[in-house]
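The structure appears right after this line, and notes come after that.
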């Protein structure tokens, strides 16, 4: 994994753990790369302590090379750090995929003057034009306009991102991220094979789900500590894949979460552990629509000054005083069915590839974690399915 991908993965797990700790027993779904990308666009205009806090939360501070200009005598848009032009290259790769689109937008108050260089660079590097709006006098119209933009960018799947009354007339800047994914499996599940089956939510509690079934060759691994099975289900473009982490035996999904780290994810899913086998796969059909207000979460991770009118330093974005980030909202949608997925938002000793029988079985009939990964190891979506 390259430094940008590692930073994104570290941020993903930080956000996941924060959401999980405050939403116990609930389904989770979000797009770390979408939020990571949107905040990096904001970082382009942050300075001083505000920038330092953002670099730390986004894990850029672990990679000094990312914070340096790409090269000497580089363009005005490379001065903020190498990660910005690197993001431009990543976005170009992503948007070449017909199944996946990512878009971010900054809405700024009309009273604020923005540096032309920042506007040029955010458009060049992040394909984002700053939208000038009147939060104070046209609050409701602005809310509807933002919602319409998001709905359009997510093929109508993410609606009403901002409910009535959630945008304050005193807002000066709102950051919006949108991502849409509709992927077809490399090999589809047949609808005729889908049956009603129990999904064990917890001890003594279960619900009936539509359980999909397919047999075929899949890359799979067995981890001894914490005990679990991993399976990789590829999408038809071969650049994206879903990875499911399924607890086995007495292991719970919470125990897997406690062991989660970028290092362990890399180890668990390494080619030496993921062996292609003939597998009978049972996965439930499900769809989730989840929204998160990320202000308090990002503050708890250490990104505090950017939300404070007295301390925010966005002088790289605007010469005006009093510019701060009012709100960060993220909403995601995912639909996993027979056709595919539609989504809009330890030590080495504990690893062992089990000697599996000729045909192994992978039955996701209890809470599990899942990720959608780009082939360059960027985590596009992360989720936890615990209850129908």
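Filter the range 145-158 for residues that are assigned to a loop (DSSP other than H, G, I, E, B) and closer than 18 Å to residue 327 by Cβ and give the result. Before the answer, list the steps.
So the first thing to find is which residues in the range 145-158 are assigned to a loop (DSSP other than H, G, I, E, B), and the list is 154-158.
Matches in the range 145-158: 158 only.
Looking only at the range 1-50, filter to residues that are under 15 Å from residue 253 (Cα atoms) and in a loop (DSSP other than H, G, I, E, B); which one of those is modelled with the highest pLDDT?
27
Quick test of your reading of the structure: residue 292 fulfils all but one of (1) in contact with a helix residue (DSSP H, G or I) (Cβ under 6 Å, 6 or more places away or on another chain); (2) buried (at least 18 other Cβ atoms within 10 Å of the Cβ). Name the failing condition by number.
Going through (1) in contact with a helix residue (DSSP H, G or I) (Cβ under 6 Å, 6 or more places away or on another chain); (2) buried (at least 18 other Cβ atoms within 10 Å of the Cβ) one by one, residue 292 breaks only (1).
If you go through the range 175-211, how many residues are more than 30 Å from residue 298 (Cβ to Cβ) and outside any loop (DSSP other than H, G, I, E, B)?
Of the residues in that region, 20 qualify.
Would you pick out the residues in the range 156-188 that are out of contact with any helix residue (DSSP H, G or I) (no Cβ under 9 Å at 6 or more places or on another chain), modelled with pLDDT under 85 and either surrounded by fewer than 22 Cβ atoms within 10 Å (Cβ to Cβ) or over 20 Å from residue 96 (Cβ atoms) (or both)?
182 - this is the single residue of the range 156-188 that is out of contact with any helix residue (DSSP H, G or I) (no Cβ under 9 Å at 6 or more places or on another chain), modelled with pLDDT under 85 and either surrounded by fewer than 22 Cβ atoms within 10 Å (Cβ to Cβ) or over 20 Å from residue 96 (Cβ atoms) (or both).
For residue 315, state whether it is within 22 Å of the chain's Cα centre (by Cα), assigned by TED's automatic domain parsing to the domain that holds residue 26, within 30 Å of residue 161 (Cβ to Cβ) and surrounded by fewer than 19 Cβ atoms within 10 Å (Cβ to Cβ). Explain how you work it out, then say what you get.
Numbers: within 22 Å of the chain's Cα centre (by Cα): no; assigned by TED's automatic domain parsing to the domain that holds residue 26: yes; within 30 Å of residue 161 (Cβ to Cβ): yes; surrounded by fewer than 19 Cβ atoms within 10 Å (Cβ to Cβ): yes.
So residue 315 does not fit the description; no.
Name the residues in the range 122-134 that are surrounded by 17 or more Cβ atoms within 10 Å (Cβ to Cβ) and at pLDDT 90 or above, would you?
Within the range 122-134, just 133 meets the criteria.
Scan the range 123-144 residue by residue and report those that are in a helix (DSSP H, G or I) and touching a strand residue (DSSP E or B) at 6+ places or on another chain (Cβ under 7 Å).
Within the range 123-144, 126, 142 meet the criteria.
Just give me the residues in the range 212-246 being in a strand (DSSP E or B), surrounded by fewer than 17 Cβ atoms within 10 Å (Cβ to Cβ) and in contact with a helix residue (DSSP H, G or I) (Cβ under 7 Å, 6 or more places away or on another chain), in sequence order.
The answer is 224, and nothing else.
From 148, 207, 197, 111, grab the single residue that is out of contact with any strand residue (DSSP E or B) (no Cβ under 8 Å at 6 or more places or on another chain) and either assigned by TED's automatic domain parsing to the domain that holds residue 363 or closer than 25 Å to residue 287 by Cα (or both). Quick ask: steps written out before the conclusion?
Numbers: 207 fails: out of contact with any strand residue (DSSP E or B) (no Cβ under 8 Å at 6 or more places or on another chain); 197 fails: out of contact with any strand residue (DSSP E or B) (no Cβ under 8 Å at 6 or more places or on another chain); 111 fails: either assigned by TED's automatic domain parsing to the domain that holds residue 363 or closer than 25 Å to residue 287 by Cα (or both).
The conditions single out 148.
The values are calculated or read from the model by the stated rules, or taken from the named source; none is laboratory data. Model, not experiment: these values are computed from the prediction. Note that we place each Cβ from the backbone using ideal geometry, even for glycine, and neighbour counts take in every protein chain shown.
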